[in-house]
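I have placed the structure first, in the form of structure tokens, so that the comments after it can refer back to it.
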Amino acid sequence: MLDLTPKEITERKALRINPCKTCQPVGALYCALGVHKCMPHSHGSQGCVSYHRSVLARHFKEPAIATTSSFSEGACVFGGGSNVKTAVKNIFDIYDPDIIACHTTCLSETIGDDLNTYIQQMDIPTGKMVIHCNTPSYVGSHINGFFNMMAGFIEYLAEKADICNGKIGIFPGFVNPGDMREMKRIAELVKADYIMFPDTSGVMDAPITGRYSMYPKGGTKIADIKKLGAVRRIIALGEITEQEPCMVLKRKCNIESDIMPLPIGITNTDAYIMSLTRLTNAEVPYSLEEERGQIVDIMLDSSAHVFGKKAAIYGDPDTVLGIAALVLEMGMIPKYMLTGTPMDSFSKKAQVLLNKYGVADQCQVKAAGDLFELHQWIKNETVDILIGTTYGKQIAKAEDIPMVRAGFPVLDRHAHALQPIVGYKGALRLVEMILNAILDKQDRICADEDLEIVL
Ligand code: SF4
């Protein structure tokens, strides 16, 4: 399918081919799904929300509920105020959420709809709430939408208090529910009293019970989001994704944050655990030490097969940085690191990481890139493995490169969203996937006499 991608790289400014990102409302919708009894609402046309819901449903293999202001020609000309007011009334009447989280779309942003004013003019039932954030999709990516919606919830709900409630706030970053469960498991092992926000575990990985429930058991409670304004500190996982929500919480409620990388790989997981234990004063339990020892052991055992191998890593900025850290710990080289999200800080953080391991001169890093360009890089100098979203599979096929699926979206496999890539357990899973992908190719292409039974 991509056999005709040319090797020669020409400068492109106004065109993205095979983008490595999706649109802001997708992230905003995902964030809102991580709040209990919340109805995400898309202020735009039906086409937008159909796309947002379908990409989430395809990744998580779960329904992604959302409503729409259902713009038609009239709303485009006269504004969507009456649409959203009618929609909010209908949503509370029919679906009975506790809160509606509105995000804008390209269309409503372009015509300049002022959701803030519309919300103030609404007749909202007692005890119910409507919040909003702006998600113009012609800037940024789903990552911007995710942190804009987090900031929107904090702006509307977090309550400043004189007395600290003693809790730790955990911002998990744009990760799967399986990752959130693993972050919570670790926090519980070090006896942290925490609030995770948002929390899509129990929502986007909810079990089949035989009975449909529009609002599954999971999700951060509204009361807990209010309490974020009085926590001891926030541990924010995802240095790029979590800057904005932490800044808003600091400005509104004067809460400090430890903003750190996603806990992917050993060093980043260590940092998460140490940050938790500094706040809880708890000892690191033996069970975590054991998990750490196991992953170090596996990395040592497998190093002969992966040392010096080159990886192309692409996807969301914090996920790429985290996976690159793990790959470096394995003795591999993250030859290409690419994100579609336009964030200069991605390149700076990648350079710091690569310098730490002394491999910066062997690697290429790009933010606001696309997979067409990644393919061109690979055509000029190939890699041993691709690690990233489903959209790299055509490159993997065209160039016969093993591929490990990680990040968002993964549309063509199942069960991934329930499994972590964070923590020592997640590192173990990633190492196994990377190692097996490389060895599978080796077994496939080697001469019969070289087909090893024992490694
Ligand atoms: S029009 Fe904008 S908001 Fe709607 S689906 Fe397209 S990029 Fe997303």
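The values are calculated or read from the model by the stated rules, or taken from the named source; none is laboratory data. Being a predicted model, the structure only gives us computed values, none of them experimental. Methodologically, a virtual Cβ is constructed for each residue, glycine included, from the backbone with ideal geometry; neighbour enumeration extends over all protein chains shown.
Taking the range 116-142 on its own, how many of its residues are more than 14 Å from the ligand (Cβ to nearest atom) and not in a strand (DSSP E or B)? Working first, answer last.
Residues of the range 116-142 more than 14 Å from the ligand (Cβ to nearest atom): 116-132.
Within this subset, residues satisfying the condition of being not in a strand (DSSP E or B) are 116-128.
Residues that pass the stated criteria total 13.
Go over the candidates A192, A158 one by one and state the one that is crowded, with 22+ Cβ neighbours inside 10 Å and over 21 Å from the mean Cα position of the chain (by Cα).
Working: A192 fails: crowded, with 22+ Cβ neighbours inside 10 Å.
Result of the check over A192, A158: A158.
Of the residues L430, L374, L418, which single one is more than 22 Å from I333 (Cα to Cα) and either crowded, with 16+ Cβ neighbours inside 10 Å or among the hydroxyl-bearing types (S, T, Y) (or both)?
Working: L430 fails: more than 22 Å from I333 (Cα to Cα); L374 fails: more than 22 Å from I333 (Cα to Cα).
Being more than 22 Å from I333 (Cα to Cα) and either crowded, with 16+ Cβ neighbours inside 10 Å or among the hydroxyl-bearing types (S, T, Y) (or both) holds for just one of L430, L374, L418, which is L418.
Would you please list the contacts, defined by Cβ atoms under 6 Å and residues six or more apart or on different chains, that run from a residue in the range 135-149 that is modelled with pLDDT under 95 to a residue that is in a loop (DSSP other than H, G, I, E, B)?
Here the result reads S137/C23, each pair linking the range 135-149 to a residue that is in a loop (DSSP other than H, G, I, E, B).
Exactly one of (1) within 16 Å of the ligand (Cβ to nearest atom); (2) surrounded by fewer than 23 Cβ atoms within 10 Å (Cβ to Cβ); (3) outside any loop (DSSP other than H, G, I, E, B) is unmet by C102. Its number?
Condition (2) is where C102 drops out.
When both residues are 6+ apart or on different chains and their Cβ atoms are under 8 Å apart, which pairs have a first residue that lies in the range 41-52 and is touching a residue at least 60 places away in the same chain (Cβ under 8 Å), and a second that is in a loop (DSSP other than H, G, I, E, B) and near the ligand (Cβ under 7 Å from one of its atoms)?
Note: pairs meeting the criteria are S42/T105; H43/T105; G44/T105; S45/T105.
If I filter the range 66-79 for residues that are closer than 30 Å to Q394 by Cβ and of a type outside the set (K, R), do I get at least one hit? Can you show your working first?
Within the range 66-79, the subset closer than 30 Å to Q394 by Cβ is 66.
Of the ones still in play, those that are also of a type outside the set (K, R) are 66.
Looking through the range 66-79, at least one residue is closer than 30 Å to Q394 by Cβ and of a type outside the set (K, R).
I'd like the residue in the range 28-52 that is within 11 Å of the ligand (Cβ to nearest atom), within 22 Å of T241 (Cα to Cα) and not hydrophobic (A, V, I, L, M, F, W, C) and, out of all such residues, is surrounded by the most Cβ atoms within 10 Å (Cβ to Cβ).
Keep residues of the range 28-52 that are within 11 Å of the ligand (Cβ to nearest atom), which gives 28-29, 42-52.
Then keep just the ones that are within 22 Å of T241 (Cα to Cα); that gives 28-29, 42, 52.
The next check asks that each one be not hydrophobic (A, V, I, L, M, F, W, C); those that pass are 42, 52.
On the way: S42: 28, H52: 31.
Top of the filtered list is H52.
One line per residue, one yes/no per condition, for (1) buried (at least 24 other Cβ atoms within 10 Å of the Cβ); (2) within 26 Å of K366 (Cα to Cα):
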| site | (1), (2) |
| --- | --- |
| E11 | no, yes |
| F60 | yes, no |
| G74 | no, no |
| V77 | no, no |
| V84 | yes, no |
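Return the pair list, or none, for Cβ contacts closer than 9 Å from residues in the range 16-33 that are more than 8 Å from H52 (Cβ to Cβ) to residues that are within 10 Å of the ligand (Cβ to nearest atom) and hydrophobic (A, V, I, L, M, F, W, C), at least 6 apart or on different chains.
Matching pairs, first to second residue: T22/V55; Q24/C106.
Do we have any residue at all in the range 150-165 that's assigned to a helix (DSSP H, G or I) and of a type in the set (F, W, Y)? I'd like the intermediate steps shown before the answer.
Restricting attention to the range 150-165, the residues satisfying the condition of being assigned to a helix (DSSP H, G or I) are 150-157.
Okay, now just the ones that are also of a type in the set (F, W, Y), so 153, 156.
Scanning the range 150-165 turns up at least one residue that is assigned to a helix (DSSP H, G or I) and of a type in the set (F, W, Y).
Restricting to the range 30-51, and then to whatever is among the hydroxyl-bearing types (S, T, Y) and closer than 17 Å to G152 by Cβ, can you tell me which residue is farthest from the chain's Cα centre (by Cα)? First the steps, then the outcome.
Initial filter on the range 30-51 (among the hydroxyl-bearing types (S, T, Y)): 30, 42, 45, 50-51.
Then keep just the ones that are closer than 17 Å to G152 by Cβ; that gives 30, 42.
Working: Y30: 9, S42: 20 Å.
Among those that are among the hydroxyl-bearing types (S, T, Y) and closer than 17 Å to G152 by Cβ, it is S42.
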